[in-house]
Structure formats: structure tokens, C-alpha cells
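Enquirer: Take this structure, written in C-alpha cells, and hold onto it; I'll ask about it next.
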Amino acid sequence: MALGSGEENAAGENSWVFYKDRPEWKDITPMEQDDGPAPIVMIAYSKKFKDVYDYLRAIMRKDERSERALELTEDAIDLNPANYSVWHYRRIILKDLKKDLKDEILYCGEIIQEHPKNYQVWHHRRVLVEWTRDNSHELKLTETVLDVDAKNYHAWQHRQWVVREFGLWESELSLIDELLQKDLRNNSAWNHRYFVINHTTGFTDKVLEYEVKHAQDMCGKAPNNESAWNYLRGCLLEKELSSYPGLMQFCERLYEGSIRSPHLLSFMRDIYEDQLEQGCENVEATLYKALVLCEALSMEFDTIRAEYWNYIARRMKSKFAPHDETNNKTAEATGGAGDDPNL
Amino acid sequence: MEMLSSLDVVQGNKDSLIDWIYSHQVLPSELDDDCRRCGFRGSSTIGAKFNPTQVSCEPYIPYDFGHIAQTYTGLLCLILLGDDLSRLQRVALTRGLRAHQLEDGSFKATLHGSENDMRFVYCASCISYILDDWTGVDVDKAADYIYRSQSYDGGIGQGPGLESHGGSTYCAVASLVLMDRLYTTFSSVELDRIRQWCIMRQQNGFQGRPMKPVDTCYSFWVGATLKLLDAFDLIDKVANRSYILSTQDSIVGGFAKWPDYHPDALHAYFGICGLSLMNAEEVKEMHPALNMSTHAVQHLEKIHLSWRSV
């Protein structure tokens, strides 16, 4: 990173020269912040901070667009990279001075790596890419950031924008596969997968078949991985769970293998509910199976959501139970017939 | 502090606080720009002179403009402090707000140089609700942006296609409640999906996204969303309370995102709000969409009555 004129040099000496002591700034009268007679929760600015920002205020008031103003914004950003007014002013100067933005893109990339969760620097990056239409560094930048934090929301958001804006879809699925290999519970990667397919092939029957199989394999590998189950369910949103081939068989295979993941049980309940919605033949038996699952979730396999699963059971009973309220089977399964079916 | 009924700690300074907030109102200037820059500043960094009773910003200060989150926060604080909002230039504020909405229905935070996402849709909704004036928001477009931001997994992201997240889900649902568009935007099946997504965030406390660690503030973001969706009673309150309290710092006080982690103002506030949702003693009841106490909302309602009677 370029050494600002105020950093410690290699000898460890502090070579910072205050702006008030720089002869080339003699023409500027520094402007102090004015918080009135009773400032609230005053920030204890360092001398350096006050010096830089006193000069920045003065130069912004003049709306000076010069090399020295540009350098001053760099110091101001270094002290507070979240000051959106400074970034805006910097962009105005860059445009006015017709600066070579290649250097700016490099500089911006350095700040992103130091402050990967800062909104302003990612926005700056996006503007630079919009101006230059140069997308050649963006995929690499986001990968570098994701390497450190695979779920960084800003990185994913920027990547989605770049990929969509410039049609760079080619390598997305392989990136996702790579990330899921490292961590198949990476929800951001799953989300990106949905995004990419949605915007490229779409979930055609053929694509859907593959995606369902892929998701099922992942669910099988890590049955408690909510992300994979959400993806499976998400792909099938437009379909009827009860008639999509192989779903219940897939669930039963896991169930018979003694898997009791709450996501598996919940998904099975979803299928039963869809069967009931679509008007299956044996309503009583199907409802019973669904209610047994609700009870299992509530009492044993997802107890933190006991109240929720009890509510789901009540709702299903209320919606699908045969008119005969004294059906013993369903009453036993839900542990009591006195519950208010409404919330 | 208002939530803890402890505002008397700053009571002596109340008027100074109110003045300081008003000194950040960016008012119309001699520029003929339809109040596009109007709103509240976050701080005096830009060098504006301290003047809590000014009625215009003349001469115009280059690079001076409001920030939607600061406008929201400023208004909220004025209400908490019991101010009557009489020094607000409401028309200028709503005109300013209008200039921040984009074609896709979302909002940016500042006139120049800002990203746009669900956070600012929420700020715009709160501002409009507080000002009792929705002319600054194209509600149809905003509701449509929210609708398109629901993810395949039922939660809501910062924008269409983006990963669903507890914060953006809150912003989306709270905005629709304030706009009175919740039930006309999402079908009952879609609302069920949002509910289930939220319910699934509870591990002991709440996480913000699937497979991420829990964090105290999500007890508010996700908890409040469930309140707004009439499903808060379906959570495990004992586990939630236990988690929030476990993040309390026994030496300096406050709450942190995780146990044995450093506390900060944000997590202290949302920890208290998370407890408020469960009617904890010594904490005021809160309005889950406006993110302030019901006591403060009552004060706002009185102000609204006085505006409407004019």
C-alpha cells in the first residue's frame, strides 16, 4: 500500500507532518467542526484526525479539485473509511482531473481487503467498474475476499452485480462447487447457485432433475445441513411435492437409515401436506403420518421449535381432519384435543 | 436508555440534545433543487455552523446533504426526548425522501454516492410514518421491491437474488407493516414461508442466516419480525432469554453479540429490545415496526393528532 505522507517509515520514526505545518497548504485556513456549546457524546479525535479533517472541511467548502485535494482525501479515508462524503468528493476530483482509474481500482482493492465489510468502499468499487467498464479484476477480488470469509455479504453482492452486468456466468457453478466442497453448509454459496441457474438456464425440467439429485446427495451427506434442504425445497417451489418423482422415496431411504434430522422430518411433513392439499385418497392416514412427524419434532428432534410444531399440527388438524372431532388416532398423536386450532 | 426508563440520566441535557439534533437538519437553500438534499446529517463533519433554530441553509454548503438513516435516527431521537417536532420542515424532508427512491423501488441513503438496499426502504418507511406523510415514497414500487426480494428459502434478502438475512427480513416486513401493505403484498403461503424461515433461525438465541453463529441482535431483528407476523409466541422464550443474558458483560455492563465478547452500544440496545419483546421486567414495551417504545409512540400519536387538526 502506498505510504501516505504521514506514516511511520521503515526506521519506525513517525514522519507524519501535520497539514497545518505543510508550506504548500499555507493558503488554506483550517475549519473546525462546530457542535455548539454542549456537544453530545463527543468523539475524542486524535490530533492527526482533527488536523486532516479541519483541512478537508476547508478544501471541500472551496470545492477545490486538485492533486493535493485528492491526496488529502486519501488521508481522510485512511482515518475513517466510512465517511461517505469524502468518498463522493474523491470521485468528483478523480473525474475532474481525468485520473487514470486503473490506479484507483488497485487502491480501492487494497482498502477493501483491509475493510471487507465497509459499504462505502464496495460502492466505490462498483462506481469505478461502472465508469471504466473494466470487469477483469472483479471475480478475482471477490474470490480473494471470500477466501478469508466465505460468507461476506458485500463480496457476494458485488459478485452478483458483476456477473449479471457483464454476463460473466461461465465460471460461477465451478466456484460454487469449490466452495461447497470446502464447506457444504455455506448458505451464501447455495444462494448463489440458485441465482446463477435462475439467470442462465432457468429451472427447466432437465436442469431441475439434476439440481434435485445434487441437493439430495448433499442432504444425504450432511442431513442436518439446513441450506441443502432449503435449496431442495426452493427448487421445487413451482412444483407439487406430492407428485414430483422420487421425493418420498429419497426421504424414506434416509429415514430407514435412522436419520432423524429435523429438516428431513419437516420435508416429509411438507410432502404429506401437499398430498392432502392435492386431495389424496387416504386423508386420515396421511394426516396421521404428518401429525406423528409434528409430534416427533416437537417432543424429540426439534424441541426448540416445540411450540411451532404444535401449532403446525393444530393447523393441519383444523384444515384436514375429518368432521368427526373425536377421532382417537389424531387426538393421541397430537397429545390433546383441547388446543385452540387458531393462533 | 429510554427503553430502560432511564432518560433522567440525560434529562438535564435534554434541550441541548434536541438542539444538537436539529442543528443537523439539512434545510432548503438558495439552490433550486426541489429539496433533494434535505434530511439530517450524521454529524457536523462537513463544517456546517451550529444553529438549531435556522430555517434555511444559506449560503449552500458544497457536499452537504442528508443521509436517510440519520434522518430516521434523528427523528426517532427527537420523539424519545419528547420534542414536539415543530422545528422540522416536513415538506422539505418528504421532497428529499422522494429524490432517494430508485426505479426499482428501493432507496439509496444519500443523494450522491450511495448503495441502495432494504435498509433504506425501512428508513424511508419509518420517516414517512413519523412525518405522517407518504408522498415521499412510491409505495407500490417499494412494496414490489420487497416482494421480489423474497428468496427461494422464504426469507428476504437486501434485494432480489440476494441471500436471505435476518436484518433485511425485518426491514422488509416492518416496512410493509408501516405501509399497511403486508397482507396485500405477500400471499398467506408466502407469509407462512417467512414465518418458518424466521422460526428456523432460533438455535438458542437467533442467527441471522442459516448455518451462521447466533448473535444477540438477531433476537430483535428476527424476534420483532415474528411479532409483526403474529408468530412470536411460537419461539422458545426461555432459551432466547437465557442466550441474551449470557452475553451480558458483568464488569462493564451492556450486551455483546456472543458470550465473553466485548459489549457495544448496538448489541446493548438490541439485547434490551430482544428482552422487551418477551415483556421482561424493567424494560418498556416496544413497537416492533418503529423500533421504539410504545410510550414514545404515544407521544408521536399526540403530535399526529395536533398536525391533523390544523
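Enquirer: Please work out the Cα convex hull volume for segment B:1-74 and give it in Å³ per residue.
Expert: In segment B:1-74, the Cα hull volume divided by residue count equals 96 Å³.
Enquirer: Report relative contact order for chain A in percent, whole number only (criteria: Cα-Cα under 8 Å, sequence separation at least 6). Walk me through the numbers on the way to the answer.
Expert: Details: 307 pairs, mean separation 25.0, N = 343.
Computed value for chain A: 7 percent relative contact order.
Enquirer: Given N residues in segment B:40-144, what is Rg(Cα) / (2.2 N^0.38 Å)?
Expert: Here the answer is 1.06, to two decimals.
Enquirer: Quick check on chain B: helices-only [θ] at 222 nm, where DSSP H runs of length 4 and up contribute -39,500 (n - 2.57) each and the sum goes over total residues. Nearest 500, please.
Expert: Numbers: 12 runs with 135 residues, N = 310.
Using -39500 (n - 2.57) per qualifying helix, the result is -13500 deg cm²/dmol.
Enquirer: Does segment A:39-139 come out rounded, prolate or oblate, given a ≥ b ≥ c as the square roots of the eigenvalues of its C-alpha gyration tensor, rounded meaning a/c under 1.5 and, failing that, prolate meaning a/b above b/c?
Expert: On the way: a/c = 2.42, a/b = 1.45, b/c = 1.67.
Because a/c hits 1.5 or more and a/b fails to exceed b/c, segment A:39-139 counts as oblate.
Enquirer: So, for chain B, what is the accessible surface per residue at a probe of 1.4 Å, expressed in square angstrom?
Expert: 39
Enquirer: Right, something else. Take the Cα radius of gyration of chain A and divide it by 2.2 N^0.38 Å, with N its residue count; two decimals is plenty.
Expert: Values: Rg = 29.7 Å, N = 343, 2.2 N^0.38 = 20.2 Å.
With N residues counted in chain A, Rg over 2.2 N^0.38 Å equals 1.47.
Enquirer: Please state the equivalent ellipsoid semi-axes for segment B:84-154: what are the square roots of 5 times the Cα gyration tensor eigenvalues, largest first, in whole Å?
Expert: 23, 13, 10
Enquirer: For chain B, state what percent of all Cα-Cα pairs lands in each successive 10 Å bin, counting from 0 Å until the bin that includes the largest distance.
Expert: 6, 26, 33, 26, 9, 1
Enquirer: With θ set to phi - 60° and the Karplus curve 6.51 cos²θ - 1.76 cosθ + 1.60, what are the ³J(HN,Hα) couplings of segment B:209-221 in order, to the nearest whole Hz, using x for Gly and Pro?
Expert: After applying 6.51 cos²θ - 1.76 cosθ + 1.60, I find 9, x, 6, 10, x, 6, 7, 3, 5, 6, 4, 7, 3 Hz.
Enquirer: Considering protein heavy atoms only and a 1.4 Å probe radius, which residues within segment B:91-115 exhibit an accessible-area decrease of no less than 50 Å² in the full assembly relative to the chain by itself?
Expert: B:Gly113, B:Glu115
Enquirer: Provide the FRET efficiency to the nearest 0.05 for the B:Val91-A:Asp177 pair, computing r from the beta carbons and using R0 = 56 Å.
Expert: Plugging the Cβ-Cβ distance into 1/(1 + (r/R0)^6) gives 0.55.
Enquirer: Within 10 Å of each Cβ in A:154-163, how many Cβ atoms from other chains are there, averaged over the peptide?
Expert: Taking all residues of A:154-163 together, the mean is 2.
Enquirer: Where the eigenvalues come from the Cα gyration tensor of segment B:211-255, what are the semi-axes √(5λ) of the equivalent ellipsoid, largest first, in whole Å?
Expert: Semi-axes, largest first: 22, 11, 10 Å.
Enquirer: Give me the net charge for the shell around A:Ile271: Cβ to Cβ below 11 angstrom, other residues only, Lys and Arg +1, Asp and Glu -1.
Expert: Around A:Ile271, the charge tally is -3.
Enquirer: Ratio of Rg to Rh for segment B:104-191, alpha carbon only, Kirkwood?
Expert: Using only Cα positions, Rg/Rh for segment B:104-191 is 0.95.
Enquirer: In addition: Given a 1.4 angstrom probe, I'd like the percentage of the accessible area of segment B:223-310 that is carbon and sulfur, rounded to a whole number.
Expert: So the carbon and sulfur contribution to the accessible surface is 54 percent.
Enquirer: Compute the angle between helix A:172-182 and the longest alpha-carbon principal axis of chain A, please, reported from 0 to 90 degrees and rounded to the nearest 10.
Expert: 80
Enquirer: Pull up all non-local amide H partners of B:Phe40: gap of 5 or more, or a different chain, and H-to-H distance under 5 Å with H placed in the peptide plane.
Expert: Those qualifying (amide H under 5 Å, at least 5 residues apart or on another chain) are B:Val26, B:His67, B:Thr71.
Enquirer: With contacts defined as alpha carbon pairs under 8 Å and 6 or more residues apart, what's the relative contact order of segment A:66-214 in percent?
Expert: It rounds to 15 percent for segment A:66-214.
Enquirer: OK, next. Can you give the alpha-carbon Rg of segment B:142-193 over 2.2 N^0.38 Å, where N counts its residues?
Expert: On the way: Rg = 9.6 Å, N = 52, 2.2 N^0.38 = 9.9 Å.
Cα Rg divided by the expected 2.2 N^0.38 Å: 0.97.
Enquirer: If Lys and Arg each add +1 and Asp and Glu each add -1, what is the summed charge of the other residues whose beta carbon sits under 12 Å from the beta carbon of A:Pro262?
Expert: 0
Enquirer: Can I ask one more? Return the distance in nm (one decimal) between the two label points of a simple spin-label model at A:Ile43 and B:Lys49, each offset 7 Å from Cα along Cα→Cβ.
Expert: Calculated label separation equals 2.4 nm.
Enquirer: How long are the semi-axes of the equivalent ellipsoid of the protein assembly as shown, taking √(5λ) for every eigenvalue λ of the Cα gyration tensor, in whole Å from largest down?
Expert: Those come to 48, 31, 22 Å.
Enquirer: Next question. Could you go through segment B:260-275 in sequence order and give the Karplus-derived ³J(HN,Hα) for each residue, using 6.51 cos²θ - 1.76 cosθ + 1.60 with θ = phi - 60°, rounded to whole Hz, and x for Gly and Pro?
Expert: My calculation for segment B:260-275 gives 6, 10, 6, x, 8, 4, 5, 6, 5, 4, 6, x, 5, 5, x, 6 Hz in order.
Enquirer: Treat every Asp and Glu Cβ in the protein assembly as shown as -1 and every Lys and Arg Cβ as +1, leave all other atoms uncharged, and give the resulting dipole magnitude about the Cα centre to the nearest 20 debye. Working shown, then result.
Expert: On the way: 69 positive and 97 negative charges, 83 e Å.
That gives a dipole near 400 debye.
Enquirer: Please turn the phi angles of segment A:219-227 into ³J(HN,Hα) values with the Karplus equation 6.51 cos²θ - 1.76 cosθ + 1.60 (θ = phi - 60°), one per residue in order, whole Hz, x for glycine and proline.
Expert: Karplus values, whole Hz, x for Gly and Pro: 5, x, 5, 9, x, 9, 7, 4, 4.
Enquirer: Given contacts defined as C-alpha pairs under 8 Å and at least six residues apart, what's the relative contact order of segment B:215-310, whole-number percent?
Expert: Dividing the mean separation by the residue count of segment B:215-310 yields 26 percent.
Enquirer: Find how much the distance from B:Asp180 to B:Ser250 grows on full extension, using 0.36 nm per residue of separation minus their present alpha carbon separation; answer in nm with one decimal.
Expert: 21.0 nm
Enquirer: Considering only the other residues whose Cβ falls under 12 Å of the Cβ of A:Asn224, what net charge follows from Lys and Arg at +1 and Asp and Glu at -1?
Expert: Cβ neighbours under 12 Å give a net charge of +1.
Enquirer: Full-extension gain between B:Leu31 and B:Ser56, please, as 0.36 nm times their residue separation minus the C-alpha to C-alpha distance.
Expert: Fully extending the segment from B:Leu31 to B:Ser56 adds 7.9 nm.
Enquirer: Counting only heavy atoms of protein chains, what accessible area per residue, in Å², does chain A have with a probe of 1.4 Å?
Expert: With all protein chains present, chain A gives 50 Å² per residue.
Enquirer: Which far-off residues, 5 or more places away or on another chain, put their amide H under 5 Å from the one on B:Met286, with H placed in the peptide plane?
Expert: B:Thr294
Enquirer: Does segment A:194-303 come out rounded, prolate or oblate by the C-alpha gyration tensor, with a ≥ b ≥ c the root eigenvalues, rounded set by a/c under 1.5 and, if not, prolate when a/b is larger than b/c and oblate if not?
Expert: It comes out oblate by the Cα gyration axes.
Enquirer: How many nm separate the modelled label positions at A:Glu209 and A:Lys98, each set 7 Å beyond the Cα in the direction of the Cβ?
Expert: According to this spin-label approximation, the distance is 5.9 nm.
Enquirer: Right, another one. How tilted is helix B:237-246 with respect to the longest principal axis of chain B? Cα atoms for both, answer in degrees (0 to 90, nearest 10).
Expert: So the helix axis and the longest Cα principal axis differ by about 70 degrees.
Enquirer: Round to the nearest 0.05 the FRET efficiency obtained for A:Cys280 and A:Trp131 when R0 = 60 Å and r is the Cβ-Cβ distance.
Expert: Numbers: r = 59 Å, r/R0 = 0.98.
In this case the efficiency is close to 0.55.
Enquirer: With the cut-off at 31 Å, tell me which of the pairs A:Lys182/B:Lys237; A:Lys317/B:Lys212; A:Lys62/A:Lys99; A:Lys99/B:Lys257; A:Lys62/B:Lys108 have Cα atoms farther apart than that. Write down the numbers at each step before the final one.
Expert: Values: A:Lys182/B:Lys237 35 Å; A:Lys317/B:Lys212 34 Å; A:Lys62/A:Lys99 20 Å; A:Lys99/B:Lys257 43 Å; A:Lys62/B:Lys108 26 Å.
Among A:Lys182/B:Lys237; A:Lys317/B:Lys212; A:Lys62/A:Lys99; A:Lys99/B:Lys257; A:Lys62/B:Lys108, the Cα-Cα distance tops 31 Å for A:Lys182/B:Lys237; A:Lys317/B:Lys212; A:Lys99/B:Lys257.
The values are calculated or read from the model by the stated rules, or taken from the named source; none is laboratory data. Because the structure is a prediction, the values reported are computed rather than measured. For neighbour counting, all protein chains shown are included, and Cβ atoms are generated from backbone atoms with ideal geometry for every residue, glycine included. All accessible areas refer to the heavy atoms of the entire protein, side chains included, with ligands and DNA or RNA removed. Shrake-Rupley method; radii C 1.70, N 1.55, O 1.52, S 1.80 Å.
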